[in-house]
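The values are calculated or read from the model by the stated rules, or taken from the named source; none is laboratory data. Since this is a predicted model, take the numbers as computed values, not measurements. Here the Cβ positions follow ideal geometry from the backbone for every residue, glycine too, while neighbour counts run over all protein chains shown. These accessible areas exclude ligands, DNA and RNA; they are computed on the full protein's heavy atoms, side chains included. Shrake-Rupley method; radii C 1.70, N 1.55, O 1.52, S 1.80 Å.
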Protein chains: 2
Amino acid sequence: MKRPLLKIGELANLANVSQDTLRFYEKHGLMRPSARSEAGYRLYSAQDLQRIRFILSAKEVGFTLKEIEELLALEVTRDEKSCQDVKSLVDEKLATVTQRIHELQRIKKSLQSLSDACCGGDEPATHCTILEALSDHDAGSSLVGGKHHDLIK
Amino acid sequence: MKRPLLKIGELANLANVSQDTLRFYEKHGLMRPSARSEAGYRLYSAQDLQRIRFILSAKEVGFTLKEIEELLALEVTRDEKSCQDVKSLVDEKLATVTQRIHELQRIKKSLQSLSDACCGGDEPATHCTILEALSDHDAGSSLVGGKHHDLIK
DNA sequence: GTTGACTCTGGACCCCACTCCAAGGTTTAT
DNA sequence: ATAAACCTTGGAGTGGGGTCCAGAGTCAAC
């Protein structure tokens, strides 16, 4: 028994996204419906639902549609040839992701110290702004941002 | 002894951003130079450098300029009135940040399993795509995305 | 067999976040 | 004192990521 396919409106509701957006993603190659009805209606499977959810959450954390497309296109094959290519792309993305997690954790920490300092905190306003909270946590550790900073030209 | 102020080109190089972008951010209220020279040149302090770096890293992890402006505008004051407002905004952002960290960690895990499965892995291609890797990790745990899913209308 | 809710395609339009001039003033090096 | 390298403002243009029609076909219920 295979489960019924979803029409675009149904998928849109489940994924909390507009129908237009689904068609837009399709036009740009991020996802296509598993099937079409006789009349040409798009029909989506459970995998499609999973896929759109992935797209949305990757977008949430700062990936562009192009990057998401790359992520979705990744395929580990037995083919020795493509293997290195895939691995290097994956490792590159992995580095990006790790980096972003660190950045978010820094932000989280300082938001937390702001939240704590706020009302009810006995110490009256230790850090007053997010930047002060940040530089305080950073004291003595790695710098904000930094990057490889290859001066242009 | 106070340290010298930076001209826009110098700040731009240090922060790895274009001068146009700095002026753009200024126009939109995200940052203004600490001073202006007699001739009207923008002059930036070390704090300004810290600020632009924060802006860039917040952007990296998916915040819009509007949200970043809100973050930067947060101020914990002794004023009992504003306190609750600030705290609720901070806590809201905190939730967003935490959520994003989780999403990134999920992505990270599946990238890792892809990377491991890739070349040199003895098991020939356990998970072949990122979606398969994801659904595998998720088996039995919380769903992908989900949200409160209040159907529109 | 008509109403109402759904879907289709195609194209116009919109906002955000830059990016790129043009025309001119300033600073520094020679 | 003049060129090269900087800076200024203002405004136009661009690309990404949607969003919103219009006009037409489909489907279920009455």
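Taking amide H as placed 1.01 Å from N in the peptide plane, A:L6 has its amide H under 5 Å from the amide H of A:Y44, A:S45, each at least 5 places away in sequence or on another chain. Computed 3J(HN,Hα) for segment B:48-53, one whole-Hz value per residue from the Karplus formula 6.51 cos²θ - 1.76 cosθ + 1.60 where θ = phi - 60°, is 5, 4, 4, 5, 5, 5, glycine and proline marked x. From the label point of A:A95, set 7 Å along Cα to the beta carbon, how far off in nm is each other copy's matching point, shortest first? Shortest to longest, the spacings are 3.7 nm. Packing, as the average of other Cβ atoms within 10 Å across residues, places the peptides A:9-16, A:24-31 in the order A:9-16, A:24-31, highest first.
Determine the shielding of peptide A:54-64 by partner chains: average, over its residues, the number of Cβ atoms on other chains within 10 angstrom of each Cβ. The mean count of partner-chain Cβ atoms within 10 Å per residue comes to 6.
Couplings 3J(HN,Hα) of segment A:59-64, computed from phi: 5, 3, 9, x, 7, 7 Hz, in residue order, whole Hz [Karplus 6.51 cos²θ - 1.76 cosθ + 1.60, θ = phi - 60°; x for Gly and Pro].
Closest approach to the axis carrying A onto B, counted by Cβ on chain A and given in whole Å with its residue, is A:G62, 2. Inter-copy label distances for A:K27: 2.8 nm (label point placed 7 Å from Cα along Cα→Cβ; shortest first).
Accessible area buried by the pairing of B and A, both sides summed with a 1.4 Å probe, works out to roughly 5900 Å².
P(r) for segment A:6-62, from all Cα pairs and a bin width of 5 Å, is 4, 20, 34, 28, 10, 3, 1, 0 %, short bins first.
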